[in-house]
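The values are calculated or read from the model by the stated rules, or taken from the named source; none is laboratory data. Keep in mind that this is a model prediction, so the values were computed, not measured. Because the Cβ atoms are built from the backbone with ideal geometry, glycine has one as well, and the counts that use them run over all protein chains shown.
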């Protein structure tokens, strides 16, 4: 049974495309664009203001015979889709742009997983071994197979994958070509189709960099066999050759200081002291003596928590903004945002870090961009009463675990201002360490109390009240009236107008 659908472009041109239950909608798009003489890579189909899934056949799309589809332009920037590669029941997931070809997609999974070989597989035809023949990859998308090189060179968008997530089921079929012949033909095909393809698919640039060196060395051996032995030391890094030049310039031959200078150089004493100073905290605080939090003692009137009309209007604006459709940021915009955030982090020269210990004592350090998580762990252990007990540092809120590694604190955890860390005992910590004091006696003796600034309770002075006291005039009495009462009076006057329907 055959039917047709009607595709309407933005300039109201129409194209009828015959379909069967097994016709894939991506073929419908290609046929309609061919009739309308437009590029199918720049358009997509919509039905009743909703994007049509182009990967499936017509029978599963929910479209009826004679359905009118809209031909609209796609976004110029590539969208990110979630691809799940299914290989014999085992899945690998990765987020990729939809302008990447199927062949590049397989190469991306190969580079991410070291144990995968998807594009260069070979197997013998006989059980006894012998010549290896190429096993060509076969990509199955919603029942449609892509196995030829021309099909694998199609982008995800050309296969109908423009948004969301999709499962690619991969299988292999044994061909009649040997593995060497197949690899050479594939390489030649990729060079003809995309000349820049080898540049983007080099997962390991190190071997490529070594090959020119060997070719140059071989060429030098053929041309000047005697000079090769003299040129080999020059291949060493320049860092080893630079000190030799400086020594000759500083100490010419025959200088009596040539022997004494190396003995006088390795005598600096400042690095050990600098290393110790970096581990010392800037301040240490004792645990609070009161069990009641200080915030409980601050009293505010109930009117401070009553919402006003301005709050309601702001909430309505926020709801309207969330209800509007917003365009997702492109890869270029996301990269620009990431670069801007990295630039802000690069400007941070120091950050104050406060670590709160299990017994409610705390200490502060000043971290520079070079400080790492290992430095902070080392500084804490230097002041612990039980430095051998395991613990971990957690940033409150998202509960980010700060690792004891070489990861930078400011750039790695995006610290832009003062930050609080909580120290939590690991499961292997002893009961003595948990119940006893955290700081050792020499450090605890230098701890001081936290000074809490006094905050004026009750919201301070009123709007119409001065330091000399309230005025008796009527104008100041009106100004002393709370803003919430003034807003409620204005609302009552406005609402009274709505009930005067029959009066003029």
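Remarks
- Search result, residues across segment 105-119 that are within 24 Å of residue 174 (Cβ to Cβ) and either out of contact with any strand residue (DSSP E or B) (no Cβ under 8 Å at 6 or more places or on another chain) or loosely packed, with under 13 Cβ neighbours inside 10 Å (or both): 107, 110, 115, 117
- Tally, over segment 183-193, of residues that are surrounded by 13 or more Cβ atoms within 10 Å (Cβ to Cβ) and either within 36 Å of the chain's Cα centre (by Cα) or touching a residue at least 60 places away in the same chain (Cβ under 8 Å) (or both): 5
- Pick from segment 1-20, criterion part of a loop (DSSP other than H, G, I, E, B) and touching a residue at least 40 places away in the same chain (Cβ under 8 Å), ranking: farthest from residue 64 (Cα to Cα): 10
- Selected residue (only one of 389, 419, 360 is under 29 Å from residue 442 (Cβ atoms) and surrounded by fewer than 16 Cβ atoms within 10 Å (Cβ to Cβ)): 360
- Any hit, segment 94-103, residues being in contact with a strand residue (DSSP E or B) (Cβ under 8 Å, 6 or more places away or on another chain), assigned by TED's automatic domain parsing to the domain that holds residue 137, surrounded by fewer than 18 Cβ atoms within 10 Å (Cβ to Cβ) and in contact (Cβ under 8 Å) with a residue 60 or more places away in the chain: yes
For (1) at positive phi; (2) loosely packed, with under 13 Cβ neighbours inside 10 Å; (3) in contact with a strand residue (DSSP E or B) (Cβ under 6 Å, 6 or more places away or on another chain); (4) in contact (Cβ under 8 Å) with a residue 60 or more places away in the chain, each residue gets a yes or a no:
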residue	(1), (2), (3), (4)
22	no, yes, yes, no
26	no, no, no, yes
40	no, no, no, yes
58	no, no, yes, no
66	yes, yes, no, yes
79	no, no, no, yes
82	no, no, yes, yes
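- Some residue of segment 153-175 being within 33 Å of the chain's Cα centre (by Cα), part of a helix (DSSP H, G or I), under 30 Å from residue 330 (Cβ atoms) and modelled with pLDDT under 85: no
- Subset of segment 417-445 (residues that are part of a loop (DSSP other than H, G, I, E, B) and touching a helix residue (DSSP H, G or I) at 6+ places or on another chain (Cβ under 8 Å)): 437
- Within segment 283-320, the set of residues being surrounded by 10 or more Cβ atoms within 10 Å (Cβ to Cβ) and closer than 30 Å to residue 366 by Cβ comprises 283, 284, 285, 286, 287, 288, 294, 298.
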